[in-house]
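Presented below is the structure to which this report refers.
Bear in mind that the values in this text are calculations on the coordinates, not laboratory data. These numbers were taken from a predicted model, which means no experiment stands behind them. A quick note on method: Cβ atoms are made from the backbone with ideal geometry, for glycine too, and the neighbour counts reach across all protein chains shown.
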Amino acid sequence: MKIRDIEKLVKILENSIISEIEISDFWGRKTKIKKVGEDTASAKSTETAIKDKKMEAQEKSDADRKNLASIKSPIVGTFYRSPSPDAPPYAEIGDIIKPGQIVCIVEAMKLMNEIESDVAGKVVQILVKNEDPVEYNQELMLIEPL
């Protein structure tokens, strides 16, 4: 992490109610920044409130996703929505897809692996940004089965 990035994080921390920030990069290296002299009881209650809100949001998200199928990455690599930078994406939100239809590419070791849908349905969410790294078994898209 570059020093200017750390300075930006310190400014964000100073101007917020959060008492610490921990960031992990792609390689798993962690950077943790903590306020000094923070009232720990206040910080803990704020932290608890934030965790409670995250849990509520996660529970709502889990309930919403029960009826959805996901397309997952079969390998570690880089996610691409289209076959080339100037080509249209394989799938957009709202598109109806069929089993066996190519929905994206995951590049691994300079090999372009076409990812096909296992289900017929409507694309309701694309969970990864174009050119983002993806992990094995990471959800790439959510499909509402038809």
### Message
Can you tell me the length gained on complete extension of the stretch Asp25 to Leu13, counting 0.36 nm per residue apart and subtracting the Cα distance?
### Response
2.5 nm
### Those trypsin sites (Lys or Arg not before Pro) in the stretch 63-95 that DSSP places in a loop and that have at most 14 other beta carbons within 10 Å
Lys66
#### Entry: Where labels lie 7 Å past Cα in the beta-carbon direction, separation of Val76 and Lys2 in nm
2.6
### Task
Jot down the per residue volume, in cubic angstrom and as a whole number, of the convex hull over the alpha-carbon atoms of the stretch 69-145.
74
### Task
Anything over 18 Å Cα to Cα? Flag those among Lys98/Lys129; Lys8/Lys30; Lys11/Lys35; Lys11/Lys34; Lys11/Lys32; Lys32/Lys54, in the order listed.
Lys98/Lys129; Lys32/Lys54
#### Entry: Leu127 paired with Met55, simple spin-label distance in nm, labels 7 Å along Cα-to-beta-carbon
2.2
